[in-house]
1. Given the conditions (1) open to solvent by less than 60 Å² (accessible area, probe 1.4 Å); (2) without any contact (Cβ under 8 Å) to a residue 24 or more places away in the chain; (3) closer than 30 Å to A:Gln139 by Cα, and given that B:Ala195 satisfies all but one, which numbered condition is not satisfied?
2. When you go through (1) within 14 Å of chain A (Cβ to nearest Cβ); (2) surrounded by fewer than 14 Cβ atoms within 10 Å (Cβ to Cβ); (3) at pLDDT 95 or above one by one for B:Gly66, which number turns out not to apply?
3. Just need a number here: residues in segment A:193-240 that are among the aromatic types (Phe, Trp, Tyr) and surrounded by fewer than 20 Cβ atoms within 10 Å (Cβ to Cβ).
4. Could you check segment A:34-55 and list, in sequence order, the residues that are in contact with a helix residue (DSSP H, G or I) (Cβ under 9 Å, 6 or more places away or on another chain) and open to solvent by less than 10 Å² (accessible area, probe 1.4 Å)?
5. Within segment A:136-151, which residues are open to solvent by 10 Å² or more (accessible area, probe 1.4 Å), in contact with a Leu (Cβ under 9 Å, 6 or more places away or on another chain) and within 11 Å of chain B (Cβ to nearest Cβ)?
6. Could you name every one of the strands (runs of 3 or more DSSP E) located completely within segment A:1-58 that has at least 1 residues being in contact with a Phe, Trp or Tyr (Cβ under 7 Å, 6 or more places away or on another chain)?
7. Go over the candidates B:Ile180, B:Ile156, B:Ile208, B:Ile168 one by one and state the one that is among the aliphatic types (A, V, I, L, M), over 27 Å from B:Met105 (Cβ atoms) and more than 14 Å from every other protein chain (Cβ to nearest Cβ).
Amino acid sequence: MLLKVENVHKSFNVEVLKGISLEVNKGDVVAILGPSGSGKTTLLRCINFLEKAEQGTLTFDDVTYDLATISKKDINNIRKKTAFVFQNYNLFLNKTVLQNVTEGLIIGRGMDKNKAREIAVAALKRVGMDNRLDAFPSQLSGGQQQRVAIARALATDPEIIYFDEPTSALDPELIGEVLNVMRDLAEDGMTMLVVTHEMNFARNVSSKIVFMDEGEVIETADPETFFENPKEERAKTFVQGIISARN
Amino acid sequence: MTQRVLEILINAFWRILLPGIKVTLPLTFFSFALAFVISVIVALIQYADVKILKQICRFYIWFIRGTPLLVQLYVVYYGLPQIGIKLEAVPAAILTFGFNEGAYMAESMRGALEAVPKGQIEAGYCVGMSYLQIIRRIVLPQALRTAFPSLSNSLISMVKGTSLASVITITEMFRQAQIINAIYYEPLWLYLEAAMFYLLFCSVITLIQRAGEKKLSTYGGVK
């Protein structure tokens with residue numbers, strides 16, 4: 001087991017996470033599904049300490065931390081083994097494509113410049129962006145920016161990548177290129193925790209579905225079981241909603 | 001304009017321009033450099049929400065913006081010696097102009113810092129950068145770009161503001177024009193001549209600003 005969170009509580013005036021627990025094994029692609037406002041993004045942000053959970057534990061590489069009291073040093077150490085892909089890409093706007101990827105290596109990790117460049121170019125090649133090394137984010141389409149963001153995540157050689165609705169800000173015709181990159185990563189055995197609304201991706205690529213609603217995990221299942229034969233009432237409603245929306 | 005006035009003006013040309021180059025410009029340069037450093041520090045303290053220091057910064061901005069520059073000059077140059085702080089005229093002017101304009105520039109800088117999309121800070125954390133590294137390499141460069149036109153404004157305003165140094169015995173351009181006027185009594189033409197030099201300096205700065213903005217308009221041209 002690579003990552004385990006237990007009993008995560010988080011409130012913004014109202015409680016949005018009501019004791020969430022989940023596990024991710026090495027090589028897993030876990031898709032977190034659920035209606036808008038179910039707390040999926042907040043959960044992901046708490047796991048990477050972008051939000052501070054009020055209660056809960058996180059076990060990473062067999063070490064358990066208390067989310068409410070974890071030290072800055074531990075946060076930095078865990079972050080160096082993880083990577084995060086945002087809905088809005090969040091590329092550094094004053095840096096080129098190449099610099100966006102090398103920045104974390106050179107500045108964040110003190111890596112040698114030439115080595116960082118080598119790794120960055122390889123990562124950009126993997127997402128098909130090695131032909132735009134000197135472009136600025138503003139010169140790229142959303143799909144291209146997101147692929148650069150994925151390369152930035154890959155370059156740090158993470159044990160797990162968190163994806164927060166990585167295709168939600170994209171025009172429909174650009175979604176495919178990003179999902180293809182993610183599918184390739186999954187096939188290469190990358191461990192991924194993905195908050196998504198892309199049901200095809202969840203169904204065909206992920207190895208496990210975590211269905212959330214109103215701040216709770218309602219059902220955890222393998223994709224086929226979840227989409228063909230969900231157990232819980234709310235999961236059934238959700239799956240039926242998707243099917244009827246499609247027809 | 002009579003032949004006499006023309007001769008006075010020609011004669012005064014270098015006598016006014018010279019203190020412009022030797023006094024007004026250096027005074028502007030050093031005051032602006034000081035103001036710039038102050039503004040970045042004060043803006044960053046507020047941006048990073050540093051307790052206590054932030055209160056001090058707010059007080060500083062409130063005090064400076066709420067009192068006239070002329071009065072501040074008098075307090076620093078004529079007032080402070082009463083409590084044993086004696087400053088030469090030029091340092092007194094630089095300090096006053098620097099701290100004065102610094103307060104206005106700090107507000108521009110703060111606005112520019114806050115305009116940088118916050119997600120980049122989170123992205124910086126996620127790739128293992130520290131807060132200071134993110135500020136220095138990601139946030140501040142973008143904020144300086146945004147603040148550039150407004151900072152140019154402050155520079156232009158400061159060029160003209162240095163004429164107030166005449167009241168604390170500094171012979172900059174305007175004071176020199178006054179001195180010449182005391183001899184010939186041609187206030188209209190002599191003061192217009194001084195005004196022309198200010199206009200010239202400010203025009204040059206405006207041109208530099210345009211060129212600078214063009215050069216900086218990047219991160220790819222499109223915003």
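1. (3)
2. Exception for B:Gly66: condition (1).
3. Taking segment A:193-240 as the starting set, the residues that turn out to be among the aromatic types (Phe, Trp, Tyr) are A:201, A:211, A:226-227, A:238.
The next check asks that each one be surrounded by fewer than 20 Cβ atoms within 10 Å (Cβ to Cβ); those that pass are A:227.
The total comes to 1.
4. Applying the first criterion (in contact with a helix residue (DSSP H, G or I) (Cβ under 9 Å, 6 or more places away or on another chain)) to segment A:34-55 yields A:34-35, A:45, A:48-53.
Across segment A:34-55, the qualifying residues are A:Gly34, A:Asn48, A:Ala53.
5. A:Phe136, A:Ser138, A:Leu140
6. On the way: elements: A:3-12, A:14-24, A:29-33.
Filter on segment A:1-58 gives A:3-12, A:29-33.
7. Working: B:Ile156 fails: over 27 Å from B:Met105 (Cβ atoms); B:Ile208 fails: over 27 Å from B:Met105 (Cβ atoms); B:Ile168 fails: over 27 Å from B:Met105 (Cβ atoms).
The match here is B:Ile180.
Per-residue answers, yes or no, for (1) more than 14 Å from chain A (Cβ to nearest Cβ); (2) more than 17 Å from B:Ile45 (Cα to Cα); (3) open to solvent by 10 Å² or more (accessible area, probe 1.4 Å):
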residue	(1), (2), (3)
B:Val76	yes, yes, yes
B:Glu88	yes, yes, yes
B:Ala103	yes, no, no
B:Glu107	yes, no, yes
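The values are calculated or read from the model by the stated rules, or taken from the named source; none is laboratory data. The shown structure was predicted, so the numbers you read here are calculated from the model rather than taken from an experiment. In this analysis, Cβ positions are derived from the backbone assuming ideal geometry, glycine residues included, and neighbour counts consider all displayed protein chains. The protein model used for the area step is the full one, side chains on, heavy atoms only, and it has no ligands, DNA or RNA in it. Shrake-Rupley method; radii C 1.70, N 1.55, O 1.52, S 1.80 Å.
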